There are 2 protein chains.
Amino acid sequence: MIEIPSKEEVLAAHQRIKSLVHHTPVLSSRLINDIVGAQVVFKCENFQKMGAFKMRGATNAILQLSSAQKDNGVVTHSSGNFAQALALAAYNLGVKSFIVMPTTAPQVKKDAVVGYGGEIIECQPTLKAREHAAKIVGQRHQATFIHPSNDMNVILGQGTACVELLAEHPDLEVIFTPVGGGGLIAGTALSAHHLAPECRVFGGEPFAVDDAYRSLKSGVIESNTSTNTLADGLKTELGDQNFPVIQKYVEKIIRVQESEIVDAMRLIWERLKIVAEPSAAVALAALVKHKAAFQKRRIGIIISGGNVDLDRLPFTS
Amino acid sequence: MIEIPSKEEVLAAHQRIKSLVHHTPVLSSRLINDIVGAQVVFKCENFQKMGAFKMRGATNAILQLSSAQKDNGVVTHSSGNFAQALALAAYNLGVKSFIVMPTTAPQVKKDAVVGYGGEIIECQPTLKAREHAAKIVGQRHQATFIHPSNDMNVILGQGTACVELLAEHPDLEVIFTPVGGGGLIAGTALSAHHLAPECRVFGGEPFAVDDAYRSLKSGVIESNTSTNTLADGLKTELGDQNFPVIQKYVEKIIRVQESEIVDAMRLIWERLKIVAEPSAAVALAALVKHKAAFQKRRIGIIISGGNVDLDRLPFTS
């Protein structure tokens, strides 16, 4: 059994990181409100440092290390936003970072990690190879491993976006987030539970990688057999730290089709005028799909990030 | 000779419209600062109502009409943002609007005008046909014609973005705007002249439609022979109301190539995480091109709007 962090720990995480991350803006659109039939506000973590909420969890996790641990550096494996987040958070705190990335990771992401002072260790593009490489690097440098989503300090950090959102909109009745590795939704549900106990938290997940939906049904952590989704930040699976939090505090996970993700992404880009990644659009897609159940509610949506490849956008007329 | 509006008139325009438009945010990017070698802040009129600064000028112009004029409605001709701006500003003020649009205007823009309660009058896609149709409509309904850029109340309205920018960043040394019909740059230059007399205003203009550049050289209003630019908001020409203001208060107009516009647009989308139209990127393109002349300066850029067709973006790998 894991121990569920207290309200004090949720608030302490926000105090700990707030000077090191952006207090991101909250936006809304009259037209999106009309489409959904509710009052919807968007917490825009695409404006966060390095372009995603992951900066929050990475920063909180490093700040919780001892001086000796900080001296030896941190290590993670990620092909996505957490690689950049840990590299930048470590850089900002004067800590060395080792980032295990698959050989198939896009050059632009590798360049970003190097730009933030991270040391890249390449490995084969399998979870097993990634975990093995991270273990070797950790042993060699005595660096502390920080998991992208299955680490309670990371989870608490991700939950600070919701802390800020509820401070600005304390009367929210519902909050939607996308579900990937589970760090964001677990952190959000934890913050909402302590700060707005009546507020219900929902997840949006692509049908193609609906491991979290199935995990909640079966009661055990399920895996994905396919990873064929536009929402490349949501291919990862839950872990033993975040799953119990999700089981306890998340109301429901709503699955969406790829075309619904593209439609929601278009709404966000056209109406909010912001660049949000497909994963971020999954939360709005889930709300739009089940809008009948949320008429006239006050709803918050966490826009998880804005790191997209402009040369490979999914829009077509 | 036109009469140049006073500081009081500039500030009064802002007081007049401020409750009817969004106070748009100002964003910045460390990486863009590094690329330019200066401190650059972006006034984000892409977040303005209907997605562009034109809402400001349209609102100010309607508010300056008499009750009798308001009763008869307003008319303009535009294939772009001003059509939507006048329709929405009129709607918000309970005024009828007649919008002359060429038959070739995109359906999405016509739909937006109708959605804001505007009545569309279609005409052939020539300036002559547009002006003629607007005249006929104006006579039939006694509606007041409001020009998209060559009207001093419109110019004063457009200048209110700069009023807000200078209130937040009073120490700016340089401001860049794009140059199309001349309303935005004239209004900006007027506001800067009165509120920050040391601040110099520059324009960015595509080589393909460099009428304003040539007008400043020759001293008379020049026309474009081609309109072959991505920056579809900048194809229009200066007028007798804004040209004297531009001659007097704009330091220089810098011309940019189409590829430079796309590069600047990519920087804005990738780094600021906002959806900005090609015309908006022209100002940053001009700064990047001449960055050597602006090292270490405090620079403001007006992001003019964010109305783009996501199915026809200029990015390609």
Out of B:ALA161, B:ALA167, B:ALA129, B:ALA186, which single residue is over 18 Å from the mean Cα position of the chain (by Cα), small (Gly, Ala, Ser) and assigned by TED's automatic domain parsing to the domain that holds B:PRO206? B:ALA167
Residue, surrounded by the fewest Cβ atoms within 10 Å (Cβ to Cβ), within region B:29-56, restricted to residues that are closer than 19 Å to A:ILE274 by Cβ and free of Cβ contacts under 8 Å to residues at least 60 places away in the same chain: B:ARG30
Suppose we filter region A:139-148 for residues that are of a type outside the set (Lys, Arg) and either closer than 28 Å to A:VAL179 by Cα or free of Cβ contacts under 8 Å to residues at least 24 places away in the same chain (or both); how many remain? 6
In the set B:ALA89, B:ALA12, B:ALA68, which member is of a type in the set (Gly, Ala, Ser), in the same structural domain as B:GLY305 (by TED's automatic domain parsing) and part of a helix (DSSP H, G or I)? B:ALA12
Go through (1) within 13 Å of chain A (Cβ to nearest Cβ); (2) over 16 Å from the mean Cα position of the chain (by Cα) and name the single condition B:ILE221 misses. (1)
Among the helices (runs of 4 or more DSSP H) lying completely within region B:201-279, list those that include at least 1 residues that are surrounded by 24 or more Cβ atoms within 10 Å (Cβ to Cβ) and free of Cβ contacts under 8 Å to residues at least 40 places away in the same chain. B:258-267
Hits in region A:173-186 (condition: among the hydrophobic types (A, V, I, L, M, F, W, C) and surrounded by fewer than 24 Cβ atoms within 10 Å (Cβ to Cβ)): A:VAL174
Inspect region B:71-85 for any residue being within 14 Å of another protein chain (Cβ to nearest Cβ) and crowded, with 17+ Cβ neighbours inside 10 Å and give the result as yes or no. yes
Keeping to region B:28-42, report how many residues are at pLDDT 95 or above and assigned to a helix (DSSP H, G or I). 5
Please go through region A:125-134 and pick out each residue that is closer than 26 Å to A:VAL308 by Cβ and either without any contact (Cβ under 8 Å) to a residue 40 or more places away in the chain or not in a helix (DSSP H, G or I) (or both). A:PRO125, A:THR126, A:LEU127
Which one is surrounded by the most Cβ atoms within 10 Å (Cβ to Cβ), of the residues in region B:190-200 that are assigned to a loop (DSSP other than H, G, I, E, B) and not aliphatic (A, V, I, L, M)? B:CYS199
Look at A:VAL288 and say whether it is under 15 Å from A:GLY181 (Cα atoms), assigned to a helix (DSSP H, G or I) and out of contact with any Cys (no Cβ under 8 Å at 6 or more places or on another chain). no
Per the filter on region B:117-137, residues surrounded by 20 or more Cβ atoms within 10 Å (Cβ to Cβ) and closer than 30 Å to B:GLU3 by Cβ are B:ARG130, B:ALA134, B:VAL137
Residues of region A:45-65 being within 14 Å of another protein chain (Cβ to nearest Cβ) and in a helix (DSSP H, G or I), in sequence order, are A:GLU45, A:ASN46, A:PHE47, A:LYS49, A:MET50, A:GLY51, A:MET55
Being touching a residue at least 60 places away in the same chain (Cβ under 8 Å), within 13 Å of another protein chain (Cβ to nearest Cβ) and part of a loop (DSSP other than H, G, I, E, B) is the filter here; which residues of region A:291-317 pass it? A:SER304, A:GLY306, A:ASN307, A:ASP309, A:PRO314
Can we say B:LEU166 is surrounded by 20 or more Cβ atoms within 10 Å (Cβ to Cβ), out of contact with any Phe, Trp or Tyr (no Cβ under 9 Å at 6 or more places or on another chain) and outside any helix (DSSP H, G or I)? no
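The values are calculated or read from the model by the stated rules, or taken from the named source; none is laboratory data. Note that this is a predicted model, so its numbers are computed, not measured. Note: ideal-geometry Cβ built from the backbone for every residue, glycine included; neighbour counts use all protein chains shown.
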